[in-house]
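See below for the structure under consideration.
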Amino acid sequence: MNDTILKAAVVGTGHLGRHHTRILSQMPGIDFIGAYDANPEQLEAITTEYGVPALPSAEAAGEADAVVVATPTVNHRATAGMLLEHGCHVMVEKPITVTLEEAAELIAMASERNLVLAVGHVEFHNPAVQAALGLAKGVRYLETQRLSPFTARSVDVDVILDLMIHDLQITLAVAGEAPSEIRAVGVPVLTDKVDQCHAWIEFPSGLVANLTASRVSSERIRKLRLFGGEAYFSVDYAEQSVNSASLVRTESGIEIAPRIIEVAKEEPLKAELSAFVAACRGQGSPHVDGTTGASALEAAIEIRKQVESR
């Protein structure tokens, strides 16, 4: 498949599906066969805007080689499963599914058919994150802040699955192992689900992660900080920038010196889709696979349990 045109489609043209449609339909080496959405008006608006075909059903996307599923989470298992049965490589938006059982089913289906199952953890593909992860060694403490003003989007899930799961996946990538302990507190504010959450995660290696997520903030903040033995990295997701400082030993003692980190800015969603397409072509790529997406979901579910137990 390396030298052939890849047929691609999108199922679900909401907030993220719209952008998946925009990027995939303009990507070199892609034959974009169309998009589908259960809302006819929404589908017509997006397909007209980007000049792409409107598919008559989700099943019609099964004619593609690779499909992005950007439907509500409750539909992920059924839609992604149907497409895997059709022989499609699938990238499903985060969270991978509602339950771990559903995630395991999709992972097994993809494995049995030798198909790619990717999960849309777009922040992992932020070039600033990739730059920091490539340089940060021996991280002992990690903290994140993901704060947003309230919107009506994604209120079908709590803030843990809506926002914090981005940072959970990155935390697990840094740790390279499963957590040994998770503690969390959270409260509903404007919805009947948790709108603000704080989680403390410990790992067998000694790494500690301190995560905060809110969708009822007065300001928008997207920060990741990594503390290693002799270096510090501060990532601004939105600005795609990395500030760093490290210990420098001189004859007169130890100094803290700033470090310039160059970041080649790129739209994270475009980088994510490029990684997915590369994986579909059998090329090595840093995509978030189904197992990794399931691990992030497992941590998110445990955080929710901790919140509900209080």
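Note on the chain: GNM, Cα springs under 10 Å; of ALA64, ALA257, ALA78, the largest mean-square fluctuation is that of ALA257. Measuring between their Cα centroids, the range 100-157 and the range 231-267 lie 24 Å from each other. Computed from the C-alpha gyration tensor, the three semi-axes of the ellipsoid equivalent to the chain are 34, 23, 19 Å, from longest to shortest. Estimated purely from DSSP H runs of n ≥ 4, each contributing -39500 (n - 2.57), the mean residue ellipticity at 222 nm for the chain is -10000 deg cm²/dmol once divided by its residues.
For GLN283 and ASP192 in one chain, what is 0.36 nm times their gap in residues minus the Cα-Cα distance, to one decimal in nm?
28.4 nm
Axis of helix 15-25 versus longest Cα principal axis of the chain: the two differ by about 70°, to the nearest ten degrees. Rounded to the nearest 0.05, the FRET efficiency derived from the C-beta distance between ARG113 and GLN26 at R0 = 30 Å is 0.55. Annotation: the residues ILE107, ILE254, ILE303, sorted from fewest to most other C-beta atoms within 10 Å of their own C-beta, follow the order ILE254, ILE107, ILE303.
With 0.36 nm allotted per residue and the present C-alpha distance subtracted, the GLU298-ALA104 stretch has 68.7 nm of extension available.
For the range 6-115, list log₁₀ I(q)/I(0) at each q in 0.19, 0.20 Å⁻¹, using the Debye formula over Cα point scatterers of equal strength and ignoring solvent, two decimals each. The Debye formula, applied to the Cα set alone, gives -0.88, -0.97. With a simple spin-label model that places each label point 7 Å from the Cα along the Cα-to-Cβ direction, the separation between GLU266 and SER180 comes to 3.7 nm. Where both bridge residues fall in the chain, DSSP classifies roughly 60% of the beta bridges as antiparallel. The stretch between ASN210 and SER241, if pulled fully straight at 0.36 nm per residue, gains 9.1 nm over its current Cα-Cα span. Counting neighbouring Cβ atoms within 10 Å and putting the fewest first, the residues ARG113, ARG310 line up as ARG310, ARG113. In the range 1-63, Rg over Rh equals 0.96, where Rg is the alpha-carbon radius of gyration and Rh the Kirkwood radius from pairwise Cα distances. Volume per residue for the range 77-223 equals 131 cubic angstrom (convex hull of Cα atoms). Here LYS193 is the anchor, and the aspartates and glutamates within straight C-alpha reach of less than 20 Å, apart from those fewer than 8 places off in the same chain, are ASP156, ASP158, ASP162, ASP167, GLU298, GLU302, GLU308. Under 18 Å from a label point set 7 Å out along the Cα-to-Cβ vector of ARG249, the amide N atoms of the range 135-165 belong to 137-138.
Rg ratio for the range 165-266: its Cα radius of gyration over 2.2 N^0.38 Å, N being its residue count, equals 1.32.
Readers should treat all values here as calculations from the given coordinates under stated rules, not as data from a laboratory. These numbers come from a predicted model, not from an experiment. Reconstructed Cβ throughout: ideal geometry from the backbone, glycine too, with neighbour counts over all protein chains shown.
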